[in-house]
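Note sheet for the following structure.
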Amino acid sequence: MEIILESNFDQAFKTKVVGVTYSNTDGTLRQNLLKDLKEGEPVYLIRDRKNEHSKYAVAVYNQKNQQLGYLPDDNRLSSHMDMGGETKAFIFRKLGGPSFFERLFGQTGKSYGLILEVTKGNFDWKKVAPIQDEDKKIASRALSAKNLESSDPAKAIEAYLEIIESIKQFDCKSDLHQYWRRVRLPVDRISLLYDKAKQYDKGISILLWYFSYEDVYPPSPSVLKTMQQRLEKMKSKISKQEA
């Protein structure tokens, strides 16, 4: 992708549309749709979060709400859209199609293709600011809970359980809440405290719950690996106790 303009929340780039030779679910040939498009014509970008092939999928539609294809995977663009960032796009260049002589002899020529110019705009800060404030309050509570770990582990566990419930409720409020959350679920910390307290059944339960939870802001791969290892160790400890 070629960046041609960039500022804090305003950047534009050109990118090719992929999947233009496929058919839509209603049987419409995308090539037939591309044939009628003109350079400079606006198109619409729709975030496809349920796409089976890519979690970053962004679909491209014409003004009649017919799909033309997808943009190449780009985590930055999909994240921008998930967070409510404005996006606009228009056809910068139309590629392919029959030449003059191919049209003359009724030949189809090369497949049509599209180059778009996409502009990423700003966020709706009136909606985002209250979400950020709520997130910071939960983060402050998480820090207070962490400070209790040494002096009063039982209270730290109680605080972490309340924080986990708060985050679950936070995530349920809207997509914007999920994608603007910056406080992580404290499952690593609480499972560690359960392990130290030899409350293996509770530690296993909270970890199994987390690994089934669709967390849009997970910890780092190394922390996830540690959590998985802790889960297996606690399972092993319970097995030895029951033997």
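The values are calculated or read from the model by the stated rules, or taken from the named source; none is laboratory data. The shown structure was predicted, so the numbers you read here are calculated from the model rather than taken from an experiment. Cβ atoms come from the backbone with ideal geometry, glycine included; neighbour counts cover every protein chain shown. Only protein heavy atoms, including side chains, enter the accessible area calculation; ligands, DNA and RNA are left aside. Shrake-Rupley method; radii C 1.70, N 1.55, O 1.52, S 1.80 Å.
Check every one of the helices (runs of 4 or more DSSP H) wholly within the range 187-243 and list those with 3 or more residues that are open to solvent by 80 Å² or more (accessible area, probe 1.4 Å).
Filter on the range 187-243 gives 200-211, 221-242.
Go through the range 75-90 and count every residue that is of a type in the set (S, T, N, Q), assigned to a helix (DSSP H, G or I) and crowded, with 16+ Cβ neighbours inside 10 Å.
1
Could you list, in sequence order, the residues of the range 55-74 that are assigned to a loop (DSSP other than H, G, I, E, B) and of a type in the set (S, T, N, Q)? So that I can check it myself, show each step before the final result.
If we filter the range 55-74 for residues that are assigned to a loop (DSSP other than H, G, I, E, B), which is where we start, we get 55-57, 62-66, 71-74.
Matches in the range 55-74: Asn62, Gln63, Asn65, Gln66.
Find the residue count for the range 1-22, including only residues that are modelled with pLDDT under 50, open to solvent by less than 80 Å² (accessible area, probe 1.4 Å) and of a type outside the set (A, V, I, L, M, F, W, C).
So the answer is 1.
Can you confirm whether Asn32 is at pLDDT below 95 and either among the polar types (S, T, N, Q) or over 27 Å from Leu176 (Cα atoms) (or both)?
Yes: the conditions hold for Asn32.
Only one residue in Ser144, Ser151 is open to solvent by 80 Å² or more (accessible area, probe 1.4 Å) and not aliphatic (A, V, I, L, M), so which one is that?
Answer to the selection: Ser151.
Here are Leu45, Leu71, Leu95: which of them is modelled with pLDDT under 95 and surrounded by 14 or more Cβ atoms within 10 Å (Cβ to Cβ)? So that I can check it myself, show each step before the final result.
Numbers: Leu45 fails: modelled with pLDDT under 95; Leu71 fails: modelled with pLDDT under 95.
Of Leu45, Leu71, Leu95, the one residue that is modelled with pLDDT under 95 and surrounded by 14 or more Cβ atoms within 10 Å (Cβ to Cβ) is Leu95.
Cβ-Cβ under 9 Å, sequence separation 6+ or interchain: first residue in the range 190-202 and over 13 Å from Lys237 (Cα atoms), partner outside any helix (DSSP H, G or I) and open to solvent by 40 Å² or more (accessible area, probe 1.4 Å). Which pairs?
Leu193/Gln199
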